[in-house]
């Protein structure tokens, strides 16, 4: 009789534990993008949304998916006009490492242009909607010039520099021919890196690729015609392809990275400013040469 309270307490605690375990698994079952509760082999989904200005977060996600044995293939969903050259190249390099270990399938959303397309060529199969905006293979740098405005208000800038080109791109002086030549040579080199990556990734000779690599945007259907895209299809077509490739069958479990957590104040301000003023509280800042479609 004396052991019954202990036994009852043990059964109660065990019952509570099993109840919460059941709740967790049930929630994971009904949440289509569950992260860690589903059991068995899965397809990982990585998302690139908006301008590419920082590689750190996505690289962490890529490496995590690369190391997880339960993830048998990865679908990269791109909805981006591109961004900084450096971040685009860093992410591309990590995607290539991932693709060497497990299938990497790409799905293009509304836009996968310039740097967004640069990331896409890391995949073994690229899906695009017929109306997806892609292409924009090229490089751009822009420099404001406030010299005339500053002169009107009586403001002048005196610059002491160690060399001829140390203040190249300054907003307070006009470009010289030498400045333009220097920057054009830089752009040409970074552009050539883009061309070479696309040529290698898509197995298209440079001379055949060159006419379409003048910065022009293309629809998904146009891109397929010239070999920049493999299939016309949706995100779920890409998922089905990855599932067939890995033998996971219909309706495979999908795994998404943990979402970025913002504090309550940041979420509130971001929502209010975006909804009522159309202002982004956390604007993207990019510098230097860009793999970017400026029409985004």
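Of note:
- The Cα trace of segment 97-236 gives Rg and Dmax of 20.3, 62 Å, the first to one decimal, the second as a whole number.
- When 110, 142 are sorted by how many other C-beta atoms sit within 10 angstrom of their C-beta, beginning with the fewest, the order is 142, 110.
- Calculated over segment 120-203: convex hull of Cα atoms, volume per residue (Å³): 145
- Among 195, 91, sorting on how many other beta-carbon atoms sit within 10 Å of each Cβ, with the fewest leading, yields 195, 91.
- Prolate/oblate/rounded call for segment 57-129, Cα gyration tensor, a/c under 1.5 rounded: oblate
- Förster radius 22 Å - calculated FRET efficiency between residue 187 and residue 208 (Cβ-Cβ, nearest 0.05): 0.45
- Exposure proxy order (Cβ contacts within 10 Å, fewest to most) of 228, 209: 209, 228
None of the figures in this text is laboratory data; all of them are computed from the coordinates on show. In this text the structure is predicted, and so the values were computed from the model without any measurement. Backbone-built Cβ (ideal geometry, glycine too); neighbour counts: all protein chains shown.
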